[in-house]
Amino acid sequence: MINMTHIFFGCRQLGRALFAPMVLGLATVSLGAVPSYALDDDNYGQCVADLTASGLGVEQAAASCAGARFPGMLGDCVADVSSETGLGAEDSLEGCERSRRPDEVATCTLDIHSALLEQPSVNALEHCSRSILPERYGVCVVDLSDEAQLGVDAALERCIRAGYRPWTTAPRQ
């Protein structure tokens, strides 16, 4: 007579033998998913230099750079936003510090300003820093404003509310 314990144990061993290499491979691949800038962004000195050149005090610059996850990108974001949009360094720092992706916040803000705005707008920076995917958000704002003839503020509000809603992307069955 066949013992069910032996069958269960054999199936368990077979499953481990077949799936262990696959799980190990996926774990190894996921380790390589860290963004390249995250590995070597330790430019604290450059961050302080960028922030002070933008008009912030040394104490505030040092505190902000010391607390930044990616100090080099924070400094670049503040420098780019304040010099290209006409926004103050304080406002630029507040927007850039708020996001996990300060490089994308800068790109988003600069894209909206260059395409749609003639005057500096803290509103655009604020919305870009609130977005989870700032570059994509910037494209949404510019495209909606151009194609749908929406005002900038209306496009900012529509795009920030746009979310992933799977029930609207495919028919329900």
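The values are calculated or read from the model by the stated rules, or taken from the named source; none is laboratory data. Just so it is clear, the structure is predicted and the values come from calculations on it, not from any experiment. Note that each Cβ is placed from the backbone with ideal geometry, even for glycine, and that neighbours are counted across all protein chains shown.
Residue-wise test of (1) within 12 Å of Leu156 (Cα to Cα); (2) aromatic (Phe, Trp, Tyr); (3) within 14 Å of the chain's Cα centre (by Cα).
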residue	(1), (2), (3)
Arg100	no, no, yes
Val105	no, no, yes
Leu110	no, no, no
Ala124	yes, no, no
Ile132	no, no, yes
Tyr137	yes, yes, yes
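Listed conditions (1) at pLDDT 95 or above; (2) more than 19 Å from Ile160 (Cα to Cα); (3) in contact with an Asp or Glu (Cβ under 9 Å, 6 or more places away or on another chain) are all met by Phe70, apart from (1). Apart from one condition, Leu150 fits all of (1) surrounded by fewer than 21 Cβ atoms within 10 Å (Cβ to Cβ); (2) part of a helix (DSSP H, G or I); the exception is (2). Taking every residue in segment 155-167 that is within 18 Å of Asp143 (Cα to Cα) and among the β-branched types (Val, Ile, Thr) and pairing it with any residue that is modelled with pLDDT of 85 or more and outside any loop (DSSP other than H, G, I, E, B), at least 6 positions away or on another chain, the pairs with Cβ-Cβ distances below 8 Å are Ile160/His127; Ile160/Arg130; Ile160/Tyr137. Among the candidates Gly45, Gly75, Gly95, the residue that is under 24 Å from Gly151 (Cβ atoms) and assigned to a helix (DSSP H, G or I) is uniquely Gly95.
Among the residues of segment 132-147, is there at least one that is outside any helix (DSSP H, G or I), in contact with a Leu (Cβ under 6 Å, 6 or more places away or on another chain) and of a type outside the set (Asp, Glu)? Before the answer, list the steps.
Let us first name the residues in segment 132-147 that are outside any helix (DSSP H, G or I), namely 132-133.
From what is left, the residues that are in contact with a Leu (Cβ under 6 Å, 6 or more places away or on another chain) are none.
No, there is no match, as no residue in segment 132-147 is outside any helix (DSSP H, G or I), in contact with a Leu (Cβ under 6 Å, 6 or more places away or on another chain) and of a type outside the set (Asp, Glu).
Taken over segment 106-131, residues that are in contact with a Gly (Cβ under 7 Å, 6 or more places away or on another chain), assigned to a helix (DSSP H, G or I) and surrounded by fewer than 21 Cβ atoms within 10 Å (Cβ to Cβ) amount to 3.
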